[in-house]
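The values are calculated or read from the model by the stated rules, or taken from the named source; none is laboratory data. Remember, predicted model here, so these are calculated numbers, not experimental data. No Cβ is skipped: glycine too gets one built from the backbone with ideal geometry, and neighbour counts run over all protein chains shown. Only protein heavy atoms, including side chains, enter the accessible area calculation; ligands, DNA and RNA are left aside. Shrake-Rupley method; radii C 1.70, N 1.55, O 1.52, S 1.80 Å.
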Amino acid sequence: MPDDETRTLSPAAPTVPTAPADPAESPASVPSVPREQRKRPVWVTRTVILGLVLAALNLRPAITSLGPLLEEVRAGLGMSGSVAGLLTSVPPLCFAVFGLTAPRLARRFGPGAIVCAGMAAIAAGLLIRPYLGGTAGFLAASALALMGIALSNILMPVIVKRWFPDRVGQMTGLYSMALALGTALAAAATVPLTQALGGSWQTGLAVWGTLAAVAVLPWLVLTRHPSTRAPREHTAAQEHGSDPAPTLSITRSRTAWALACFFGLQATAAYITMGWMPQIFRDAGVSAGTAGVLLAVTMAMGIPLAFVIPRVASRMRTQGPIVAVLGLCGLLGYAGLYLAPASGAWAWALLLGVSNCAFPLALTMIGMRAKSGAGVVRLSAFAQSTGYLISIPGPLLVGVLYQHSGSWGLPIALMAGLMVPQIVVGTLAGRNRTIEEELR
């Protein structure tokens with residue numbers, strides 16, 4: 001974690017929550033809303049919502065557009081299976097490394113400005129990576145795009161908490177749904193777009209940079225006009241003139257560690273799915289186009305569920321039952337991939353799509369496991385950065401196991417085995433407590 005720590009609420013002056021505008025929200029998670037925040041212009045709020053949706057649409061196409069064309073990219077760049085596994089491990093590595101810088105950059109320049117820069121980095125990376133030539137250039141440009149994704153990943157919960165403190169579940173569901181839509185769209189449309197644009201995999205991958213370029217526009221508006229700056233965190237301690245609580249070490253929180261491990265294990269499953277599931281289906285005799293659509297189905301399950309799950313989770317005191325249901329769906333999906341990958345392909349894609357909705361659940365729990373905006377910043381950075389570090393070996397190990405065994409049996413067994421600890425730590429992370437309470 002960055003060494004310049006943020007401060008939390010003073011226990012001597014607790015925040016008095018306002019009445020939630022959304023009945024789905026838990027009153028305990030609703031901080032007081034400052035007067036200037038309530039009076040901001042309507043167009044500002046709408047621009048923030050538009051910016052959130054467009055940013056979320058761009059947080060996965062850099063990854064899911066690659067899966068359906070991985071075989072062509074490997075042939076074009078001369079990649080081995082192990083190097084391709086390294087390529088699928090690059091996203092979580094970049095998310096972990098660059099995510100650590102997000103809180104410091106957000107405090108200095110503001111979350112909106114950093115998300116704006118992140119969208120620009122995504123656009124630039126996606127536009128140039130297919131044309132740099134060689135594996136090294138492809139990886140470097142991918143890292144640039146993934147840096148922008150990493151910064152935006154960390155700051156999405158922060159922006160929601162600051163701009164919509166009384167609608168955390170609703171707004172988390174909205175941008176999670178947009179994220180799932182962008183993920184599914186890239187998976188389903190990359191192969192048809194490639195064919196329509198002349199059959200070149202370079203063009204099929206580069207076209208997604210234009211979507212990121214569009215996402216820069218609302219954030220430019222939000223950063224250039226003083227009236228659109230995000231509201232500063234407002235606490236009862238500030239109102240009463242009392243000093244904030246001493247800086248606390250988040251690494252002493254068991255809930256923070258449980259949430260980081262849960263985030264890491266669900267990210268492992270997600271990036272293995274996005275990077276390798278199309279290849280599993282293609283090796284089972286499914287066409288490249290159908291394999292891409294199957295991945296799109298898996299990702300598309302997050303569109304409705306990413307909106308429903310945060311709202312349901314915010315009504316529950318503990319989120320362990322949701323964690324267990326999602327994990328069971330994952331176990332059933334992997335069992336199907338092992339026993340009948342082609343004949344039951346659509347069913348396995350649906351089950352794994354439900355299982356992958358652990359991501360919006362993890363984001364929701366980040367917002368619920370901290371009382372203040374400052375706490376959410378630190379918990380989001382810690383849980384996501386540590387979680388992505390945990391997820392790095394998974395996709396790489398799948399590539400190595402596949403190359404040396406010549407089949408998908410061992411990799412699928414690994415994926416299924418990781419579901420068990422994911423259920424355990426997710427249940428621990430879903431307990432009704434906050435990091436401030438644990439560290440006080």
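Residues in region 99-143 that are modelled with pLDDT of 85 or more, within 17 Å of the chain's Cα centre (by Cα) and β-branched (Val, Ile, Thr): Ile114, Val115, Ile122.
Residues that are open to solvent by 10 Å² or more (accessible area, probe 1.4 Å), assigned to a helix (DSSP H, G or I) and farther than 15 Å from Thr255 by Cα within region 378-393 comprise Leu389, Ile390, Pro393, listed in sequence order.
Screening Leu155 against (1) buried (at least 21 other Cβ atoms within 10 Å of the Cβ); (2) more than 21 Å from Ala62 (Cα to Cα) leaves a single unmet condition, (2).
Could you go through region 419-429 and let me know if any residue there is under 23 Å from Ala106 (Cβ atoms) and part of a helix (DSSP H, G or I). Checking region 419-429: not a single residue is under 23 Å from Ala106 (Cβ atoms) and part of a helix (DSSP H, G or I). Of all the residues in region 276-325, those that are hydroxyl-bearing (Ser, Thr, Tyr) and within 18 Å of Ala340 (Cα to Cα) number 3.
Tell me, yes or no, whether region 180-197 has at least one residue that is open to solvent by 70 Å² or more (accessible area, probe 1.4 Å) and closer than 28 Å to Leu361 by Cα. Yes, region 180-197 contains a residue that is open to solvent by 70 Å² or more (accessible area, probe 1.4 Å) and closer than 28 Å to Leu361 by Cα.
Restricting Gly430, Gly417 to residues that are under 28 Å from Ile322 (Cα atoms), at pLDDT 85 or above and either open to solvent by less than 10 Å² (accessible area, probe 1.4 Å) or basic (Lys, Arg) (or both) narrows the list to Gly430. I'm trying to understand the selection: among the residues of region 198-212, which are buried (at least 22 other Cβ atoms within 10 Å of the Cβ) and assigned to a loop (DSSP other than H, G, I, E, B)? Trp208, the sole residue that qualifies. Counted as qualifying within region 80-188 are the helices (runs of 4 or more DSSP H) with 1 or more residues that are at positive phi, namely 134-163.
Among the residues of region 401-414, the one identified as hydrophobic (A, V, I, L, M, F, W, C), touching a residue at least 24 places away in the same chain (Cβ under 8 Å), part of a helix (DSSP H, G or I) and open to solvent by less than 50 Å² (accessible area, probe 1.4 Å) is Ile412. Of all residues in region 131-145, those satisfying the criterion of being of a type outside the set (Gly, Ala, Ser) and open to solvent by 10 Å² or more (accessible area, probe 1.4 Å) are Tyr131, Leu132, Thr135, Leu139, Leu144. Listed here are the helices (runs of 4 or more DSSP H) enclosed by region 254-355 that have at least 3 residues being at pLDDT 90 or above, open to solvent by 20 Å² or more (accessible area, probe 1.4 Å) and within 17 Å of Ala180 (Cβ to Cβ): 345-355. For region 175-190, a tally of residues being more than 13 Å from the chain's Cα centre (by Cα) and at pLDDT below 85 returns 3. All conditions in (1) open to solvent by 50 Å² or more (accessible area, probe 1.4 Å); (2) modelled with pLDDT of 75 or more; (3) of a type in the set (Gly, Ala, Ser) hold for Ser227, with the sole exception of (2).
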